[in-house]
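Readers should treat all values here as calculations from the given coordinates under stated rules, not as data from a laboratory. This is a predicted model, so every value here is computed, not measured. A quick note on method: Cβ atoms are made from the backbone with ideal geometry, for glycine too, and the neighbour counts reach across all protein chains shown.
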Amino acid sequence: MEVHVTGFIIAIVALKKAKDNVSSGTAPIIYVENEEEQQKLSMYLSRIFKAAAHDLENGVFILVKQY
Amino acid sequence: MNISHELYINIVACGIILGTIARFIYLRVDYRQYPTYPQGYMTHLTLGVISAALGAFSVPALIEKQYTAVTFLALAAQQFKGVREIERASLEKMEATELIPRGAAYIENIAKIFEARNYIAMAVAALTSLAVYLSKSVIIGTIMGGLAIYLSRYVMKTAYIRDIAEVLPSKIVFKGPLLCVENVVLADIGLKEGREIIEKFGMAVIIRPKGLDSLISINNLGIRQAILHEAANQLGLKMNIDTPELAPRTMNNSKNGDIIVVMVAMNPDIEAFVEIIKNVPAIETVRKYPSKSRGARKAVN
């Protein structure tokens, strides 16, 4: 049987100006210049890791592993 | 008591034939029913013939005072339990390949139905043999067997979602990244691309339970998973394994106990969606009847 670990944060994509809203944890934090880049990077990471991108509306996106 | 050779053959043949017909009727191909392939058909029909034969032979055996025949019926019951195990195991193995799994409750329900159908074949066969023996007439026996098959439909009757709840179409509204239906937040969709697809192809329905019993039943995660599985398998999903934001989801409305179902389908036809959900079986194994409990009735009043 295959075992999948789900429901943990795989990466954090934060705007540079929202730097104060994130601090170190288990997941790598990727800083981006603007929201467009944030969308693009989150999309890439979401496709790579089969993770869902969630917008915390404070300039921080978290990617949560789903499968 | 001695049974003449001719009558013996009539008893057994009638029993086996009617019992097998009963099993065959319940083996009708349905979009949701498994098996839908010839091998599965063969397996279940063969087992049906065996169970019919057991039922048919039990009557003349008892008449001739061969009471050990009863132990064979017990053996048959064990065998049919084996059928349930096989069904369960094979469906569970296929779960990993399903984008939206059936869920344990649905699998258990299917497995139980398959077991019960063998008992129906056995009971119909036994009843037919008994009728042939008592009336000494093949025609009366066949009529009795037919009647038994007809009545067995009431025993095997399954309830559907349409029997326990209303299904109403609704609308998806985005509040920022939040996917909302009727002011209930279902998910946080971060990607703009995902939100656009959901707005364009997403469908939402509300399942409104008809009473206390159905409220408790419909809130069960097993039924909700079965609904998602059925809807996803009939309308097709836009979702792939790397686009989890397009996954179908359910959520309960904590204000009134409604269930909200959201799906992004290949064919976004809301009427078809409502129709499909109405026809999902309300899984017997997870249904609860709190209205029969004094405490629960007090809480409602």
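The table that follows gives values for the structure above.
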item: Length-normalised contact order of chain B in % [C-alpha pairs under 8 Å, at least 6 apart]; result: 19 percent
item: FRET efficiency estimate (nearest 0.05) - Cβ-Cβ, B:S135 to B:K112, R0 22 angstrom; result: 0.05
item: Subset of B:K192/B:K238; A:K40/B:K171; A:K50/B:K192; B:K210/B:K292 violating a 19 Å alpha-carbon distance limit; result: A:K40/B:K171
item: Order of B:L18, A:L45, B:L134 - criterion: other Cβ atoms within 10 Å of each residue's Cβ, fewest first; result: B:L134, A:L45, B:L18
item: Partners for B:K255 among aspartates and glutamates (Cα-Cα distance below 15 Å; same-chain residues under 8 apart left out); result: B:E182
item: Prolate/oblate/rounded label for chain B (Cα gyration tensor, a/c 1.5); result: prolate
item: Other protein chain Cβ atoms within 10 Å, averaged over every residue that makes up A:46-57; result: 6
item: Prolate/oblate/rounded label for region B:51-173 (Cα gyration tensor, a/c 1.5); result: oblate
item: Where only alpha carbons of chain A are counted, the Rg and the Dmax (Å); result: 12.0, 44
item: For the protein assembly as shown, convex hull of alpha carbons as volume per residue, Å³; result: 184 Å³
item: Size of charge dipole - region B:161-300 - debye, nearest 20, with Cβ of Lys, Arg +1 and Asp, Glu -1, no other charges; result: 800 debye
item: Within 10 Å of each Cβ in B:245-258, the average number of Cβ atoms from other chains; result: 1
item: Environment charge at A:E57 (Cβ cut-off 13 Å; Lys +1, Arg +1, Asp -1, Glu -1); result: -2
item: Footprinting exposure proxy for B:C14, B:C180 (fewest neighbouring C-beta atoms within 10 Å first); result: B:C180, B:C14
item: In Å, descending, principal axis extents of the Cα set of region B:226-301; result: 47, 23, 22
